[in-house]
Amino acid sequence: MIQTIFIPKLGLTMEDATVIEWQVADGEYVTKGQQLLTIETDKIMFDIEAEAEGFLRRVALPNARVLVGELAGELYPSQQAAIEAARALKGVISEDTNPSSSDATAPYPPASPEPTSSNLLAHPAKLSVEGNGRILVSPAARVLAAESQVDLQSIRGSGPGGVILLRDIQASPQKLPPKVSPLILNVDSATASSRKPMTPMRRAISQRMMASLSKTAQMTGFGRIDMGEVQVWRESLVAQEAQLGVRITYTDIVLKAVAFVLQDMPEINAYVDGDDIVSLSQINLGLAVSVEGGLVVPVIRHVNRLSLVELAHKRIELIEKARNNRLGQEDVTGGSFTLSNFGSYGGDFETPILNTPQSALLGIGQITLEAAVRNGQVVARPLMWMSLTFDHRLIDGAMAGRFRARLRELLEQPAGMLAHLR
Amino acid sequence: MTSKTYCWALIDAMREEMERDPNVFLIGEDVGPAGGAFGGSRGLLKAFGPLRVRDTPISEEVIVGLGVGAAMTGKRPIVEVMFIDFFGICLDQIANQAAKMHYLYNGSFKMPLVIRTMVAAEMGIGPHHSQSLEAWVGHVPGLKVVMPSTPRDAKGLMKSAIRDNNPVIFIEHLGLHRMKEEIPDGKEILIPIGKADVKRIGRDLTVVATGLMVGKALLAAEQLALESIEIEVIDPRTISPLDIDTILTSVRKTHRALVVSSAHKPFGFGSEVSAELMEHAFFHLDAPVGRLTPPFTPQPFGKGFEKFLHPDADRIAAKVREMLR
Amino acid sequence: MASIKKPTSEKVLKSTLTAGLSAQEGLDLYTRMLEIRECEAQLNSVFAKNLFPGYIHSYLGQEACAVGVCSVLRTDDYIVSTHRGRGHYLAKGMALVPMMCEMFGKANGICGGRGGEMHAADPALGILGGNGIVGGGIPYATGAAYSAVLDGIDRVCVVFFGEGASNQGSFHEALNLASAWSLPLVFVCENNLYAEMTPFKDSVRVVDVSARAHGYGIPGVIADGTDVLAVKEAATAAVDRARAGQGPTLLELKTYRYGGHFQGDPCNYRTREEEQEWQSRDAIFRLRRQILAQGLQKEATLEDLELRMAATVAEAIQVALDSPDPEPSSALLNVYAD
């Protein structure tokens, strides 16, 4: 006989809930007490367990809002019956089974554990069973779908035999950007002529920026750098692009210079945790990248150990990933210092907000030809502003000044960098 | 930098190492006055004399055996087995003796032996002179196996092989002997054993190719580039120990891999790469790992047969397109 | 000797070299052969008590071959041995205890327990290992000989093998190359009439292995493998030839192994009469008799030596039995040299 699974009333005032996710696939066998699905009310997350054993047929859809007492699913005595019932259900419901993102009642990020690549093996049940076989999906696509919380059942595969491939996940409108994305906000002015809820990314940026400003004692110091020597150097590197295999940019050169300075000033490559100062052993530099809907900050690791060529490749790789919304967890964590290039949108100097828990962030502006005085004469020089925001809990003005001075030294006489190359 | 052919690059490597270390010597069939049946040791007899460059009888087992014994007693021999197809005659000395001396006697002996041999697939010499048998020796612990595809790699790897204290099977391809490349002049320019080379950076699919197939893969890459498909071509250069890390890094980027080889598919080099990728890059794969090889037949004599059986640039490109569907 | 029974009938054969045997030389040869005899006999009993790991390929009965040949070699001369190598190792001077520990596969064996009975080596003594492949050592012995040619010194290499190996291609390839290149390599064939369990006469058309030397243009010499002095004389000539740059010799020693191909081999391919016939010509007893007959040593001296040797060997076996096994994970080491 068929057992029903319904949405329980969890509190006196509860009227409805949001379905977060199923832990079991259609047609799978469950035992009594096994966790079936997770729902969320405005107060809590709750796991619904099977009250009997049987083969599951799911009814409630992920992200759907359901009423107390509504049918969530059924347990059948045979797998065949469960699968047939599931198939029938799909035929009845129209294609538009996913609520629009503005109806998102799921909190971002969701608190329940996602199937990661490592625990996919522990939970093979995460794979949907459809018809008399599995959903065909490549391993890479499966991992990306899990990371982005895309429901494989809603994807049509474009590979041979209907296999779901990476490109299908990447093209999916459901795909969400990585959950933890330390971001830098550049505040635009907005007119209040319409109201709409924030996207999850915007909400995350909003919260992080507030947290950064309220929890640290940040200030910004400025300086100017004569980029004449760097320009000459960079031109010769660009001329060698064919041999090097990549086009070196100013960002690469500045990143490398920053890595040099951080090696000499480890006190900046650190952060405050309560009453402790935590020093970081790696020099991993975040690079602010503008993407549709906001910013992300992918991290280049061990910049002190990379050659300019390697650095450039890595930068290109990460920016491409960022623009295609393919950054993974490992690409956006672990940074010890961040660089933001305002010059890329015509900025000069700004007061960037720290990418906490980092203690410093360097902004560079565009390079403009301006009048400067050299040896008593007025000459035209390519100058660039640097804006160094630092956490005054840890870094005093003098130390920040030394950082800027050292950076200026390296960039105005780049031969000094070559002398330090290992 | 000087333009050198693959064949002369190898001769240069041996000459430089024989000049550097008087313990290095070369024996094999026709290596002396004839300068090698395919010209692979021209000028060496004149430079080093008849004890250090010496013709042997046609006796592959004792050619390799002599190398084993000399290596155990302080010398650094290079022994030639003209075609890798002849390994059946001397496999005991290679696999049971050379490969195991250092291990069996717990480090008492080093085995700084280079066994220089040749794959002549697609060279029109017939079924006993056309096989690519690196899998036979790749399967034996204690041996190292290298397979360079360019003059620069050949020279650098030969030097490394001679300086290595382990038995190294050095597999050249006859079809590459005339390939020319600008190579640096220095005598201390070595290519490390166990390090693969990315011959072409790409994005959409990783092609792992060995020996004669490297050039074909690069040609296929140019064809595909016109269709905006950018393949990454990796030349392992060393069969064993295989630099799987370079291949893994590539596949983590491209999510697809194809192994192209002159050897057969069953139990061949492609199987090894495929298994390693399955084990270590499974969750990065967007398609099954492909293997493109000749079909599982002996190699009959005749250009028509060879062309039919062996992958060429067009077929590599077609396979890549198929894998990208 | 404590462990060996005296032959039931002793043939008195004339030795080729009666004059000129000094007391010291006689004692040395006797001691060396005794050491091997004791080892082999005691190891057989250890095996019978089920305390030996693996096969034993006993050298019992062939002691005069190893000792006669190795007694004319220098420390820096090389030997290459076989699967039945204990006689060669000891005759070339390998230390008894490390060798014994290696036989038992122990961690303090001369090869860390990795080679066992068929593979022991000591580069400092020129012992270039044994082999599990019949005839596997013969090709690489040519390389050890060629090193001397390259070095321009009069070092020689001796390669031991049985008559069974003389049918392997490796033997013929090596014999040809060594002859063509006049390598300082002495080929010593211990013809004990049976290759594994097949009689030589069923495998080969010629009666003597040494007849094959003619086809390679080098001397083929036969010596009585049960007469250590005859072996020594023949070996001296062959080694001197090699040192003088005159090339290889094929020296065939007619001998007999008292045991089977390995311990436990029931030897039903031989007759008991044949076995007894050979044992009556036992090399060690003959030398003993000769030493006493020529008044070179007193009986008491020899008895004392025999008792001490039995004790030394027994002690070495006990040390080996008590020694630790190798750490299993050490199997991962030394696959490649640095």
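Just so you know, all these numbers are worked out from the coordinates, no wet-lab data involved. Being a predicted model, the structure only gives us computed values, none of them experimental. Positions of Cβ are backbone-derived with ideal geometry, glycine not excepted, and every protein chain shown enters the neighbour counts.
Per-residue Cβ counts within 10 Å, from other chains only, averaged over B:279-289: what number is that? Let's see the in-between values first.
Details: counts 0, 0, 2, 6, 13, 6, 6, 14, 8, 2, 0.
For this peptide, the per-residue mean of nearby foreign Cβ atoms is 5.
Within the set of other residues whose C-beta is less than 9 Å from the C-beta of B:ALA217, count the net charge using Lys and Arg as +1 and Asp and Glu as -1. Before the final figure, lay out the partial values.
On the way: positive: B:LYS199, B:ARG200, B:LYS216; negative: B:ASP235.
Computed value for this residue: +2.
Around C:ASP240, what is the net charge, scoring Lys/Arg as +1 and Asp/Glu as -1 over all other residues with Cβ under 14 Å from its Cβ?
Working: positive: C:ARG74, C:ARG155, C:LYS232, C:ARG241, C:ARG243; negative: C:ASP77, C:ASP154, C:GLU233.
Overall, the nearby charge balance is +2.
My understanding is that a pair violates if its Cα-Cα distance is over 24 Å; which of B:LYS46/B:LYS159; B:LYS199/B:LYS303; B:LYS100/B:LYS199; B:LYS4/B:LYS187; A:LYS314/B:LYS180 do that in this structure?
Among B:LYS46/B:LYS159; B:LYS199/B:LYS303; B:LYS100/B:LYS199; B:LYS4/B:LYS187; A:LYS314/B:LYS180, the Cα-Cα distance tops 24 Å for B:LYS199/B:LYS303; B:LYS100/B:LYS199; A:LYS314/B:LYS180.
Which distance in Å, rounded to a whole number, links the C-alpha centroids of the range A:368-386 and the range A:224-286?
Using only Cα atoms to place each centre, the spacing works out to 23 Å.
Order of B:257-266, A:364-373 by packing, highest average Cβ count within 10 Å first? Show your work: numbers first, answer last.
Numbers: B:257-266: 24.0, A:364-373: 15.5.
Per-residue Cβ counts within 10 Å, averaged per peptide and sorted highest first, yield B:257-266, A:364-373.
Rounded to two decimal places and with Rh computed the Kirkwood way over Cα pairs, what is Rg over Rh for the range A:1-93? List each step's numbers first, then the result.
On the way: Rg = 12.8 Å, Rh = 13.2 Å.
On the Cα set of the range A:1-93, Rg over Rh gives 0.97.
Excluding C:LEU292 itself, what net charge comes from residues whose Cβ is under 10 Å from its Cβ, given Lys and Arg +1 and Asp and Glu -1? Intermediate results must be reported in sequence, preceding the final value.
Numbers: positive: C:ARG288, C:ARG289, C:LYS298; negative: C:GLU299.
Overall, the nearby charge balance is +2.
Taking Rh as the Kirkwood radius, which is the inverse of the mean 1/r over Cα pairs, what is the Rg/Rh value for the range C:33-101? It would help to have the intermediate numbers written out before the result.
On the way: Rg = 12.2 Å, Rh = 12.5 Å.
Using Cα coordinates only, the ratio equals 0.97.
Quick one: helix B:269-281 against the long Cα principal axis of chain B, what's the angle to the nearest 10°, folded into 0 to 90?
Helix B:269-281 sits roughly 60 degrees off the main axis of chain B.
Taking 2.2 N^0.38 Å as the expected size of a compact globular protein, what ratio does the Cα radius of gyration of the range B:2-183 give against it, to two decimals? Write out the running numbers ahead of the final one.
Numbers: Rg = 15.0 Å, N = 182, 2.2 N^0.38 = 15.9 Å.
Taking the Cα Rg and dividing by 2.2 N^0.38 Å, one obtains 0.95.
Among DSSP beta bridges whose residues both lie in the protein assembly as shown, state the antiparallel percentage, nearest 5. Don't skip to the answer; put the middle values down first.
Values: 67 of 127 bridges.
Among the beta bridges of the protein assembly as shown, antiparallel pairing accounts for roughly 55 percent.
Which of the chymotrypsin sites (Phe, Trp or Tyr not before Pro) across the range C:34-95 are loop residues per DSSP, with 14 or fewer other Cβ within 10 Å?
Numbers: sites: C:PHE47, C:TYR55, C:TYR59, C:TYR78, C:TYR89; in loops: C:TYR55, C:TYR59.
Of the chymotrypsin sites (Phe, Trp or Tyr not before Pro), not one in the loops of the range C:34-95 has a Cβ with at most 14 other Cβ atoms within 10 Å.
Sort A:ASP276, C:ASP77, C:ASP265 by Cβ crowding within 10 Å, fewest neighbours at the top.
Listed from fewest to most nearby Cβ atoms, that is A:ASP276, C:ASP265, C:ASP77.
Quick one: dipole size for the protein assembly as shown, taken about the Cα centre, charges +1 on Lys/Arg Cβ and -1 on Asp/Glu Cβ, in debye to the nearest 20.
Working: 107 positive and 125 negative charges, 296 e Å.
In total the dipole reaches around 1420 debye.
Which residues make up the longest stretch of chain C that has no GluC sites (Glu not before Pro) in a DSSP loop with at most 14 other Cβ atoms within 10 Å?
Values: sites that count: C:GLU10, C:GLU196.
Between the exposed loop sites, the longest stretch runs C:11-195.
Normalised by the residues of the range B:2-183, what does the relative contact order come to in percent, with Cα pairs under 8 Å and at least six apart?
Numbers: 372 pairs, mean separation 50.0, N = 182.
Answer for the range B:2-183 is 27 percent.
With a ≥ b ≥ c the root eigenvalues of the C-alpha gyration tensor of chain C, is it rounded (a/c under 1.5), prolate (a/b larger than b/c) or oblate? If you can, show how the numbers build up before the last one.
On the way: a/c = 1.34, a/b = 1.05, b/c = 1.28.
Verdict is rounded for chain C.
Determine how many Å³ per residue the convex hull of the Cα atoms of the range B:197-323 encloses.
Working: hull volume 12.5 nm³, N = 127.
Cα convex hull per residue, to the nearest whole number: 99 Å³.
Please provide three numbers in whole Å: the alpha-carbon extents of the range A:202-420 along the principal axes, with the largest listed first.
49, 39, 32 Å, listed from the longest principal axis down.
Can you give me the Cα centroid spacing of the range C:165-239 and the range C:29-50 in angstrom?
26
List B:SER228, B:SER41, A:SER154 from most exposed to least, where exposure is judged by having the fewest other Cβ atoms within 10 Å.
The fewest-first ordering by Cβ neighbours comes to B:SER228, A:SER154, B:SER41.
Could you give me D for the range B:166-206, from Stokes-Einstein at 37 °C and 0.692 mPa s, where the hydrodynamic radius is the Kirkwood radius over C-alpha pairs? Units µm² s⁻¹, please. Walk me through the numbers on the way to the answer.
Details: Rh = 14.0 Å.
For the chosen part, D equals 235 µm²/s.
Looking at chain C only, what percent of DSSP beta bridges run antiparallel? Nearest 5 please. Could the numbers behind the result be given before it?
Numbers: 3 of 24 bridges.
DSSP beta bridges in chain C are roughly 10 percent antiparallel.
Using just the Cα positions, wrap chain B in a convex hull and report its mean projected area in square nanometres, one decimal place.
Numbers: hull surface 64.7 nm².
Reported value for the Cα convex hull: 16.2 nm².
With the contact rule set at Cα under 8 Å and sequence spacing of 6 or more, what percent relative contact order holds for chain C? Before the final figure, lay out each step's value.
Details: 636 pairs, mean separation 81.8, N = 338.
It rounds to 24 percent for chain C.
Calculate how steeply helix B:60-72 sits against the longest principal axis of the alpha-carbon atoms of chain B, using the helix alpha-carbon long axis, and give the answer as 0 to 90 degrees to the nearest 10.
Around 70 degrees separate the two axes.
Which ordering of C:ARG84, A:ARG57 is given by a fewest-first count of other beta-carbon atoms within 10 Å? Kindly include the intermediate steps, with their values, before the conclusion.
Values: C:ARG84 26, A:ARG57 23.
Neighbour counts put them in this order, fewest first: A:ARG57, C:ARG84.
Please list, short to long, the whole-number percent of alpha-carbon pairs of the range B:50-140 in consecutive 10 angstrom bins beginning at zero.
For the range B:50-140, the binned pair fractions read 16, 47, 29, 7, 1 percent.
Taking a quarter of the surface of the convex hull around the Cα atoms of the protein assembly as shown, what do you get in nm²?
On the way: hull surface 243.5 nm².
For the protein assembly as shown, averaging the hull's shadow over all directions gives 60.9 nm².
What average number of partner chain Cβ atoms lie no more than 10 Å from the Cβ of the residues making up C:163-170?
Details: counts 0, 0, 0, 0, 0, 2, 6, 7.
That works out to 2 on average.
In the range B:197-323, what % of DSSP beta bridges are antiparallel (nearest 5)?
Details: 3 of 14 bridges.
Counting only bridges with both partners in the range B:197-323, antiparallel ones make up about 20 percent.
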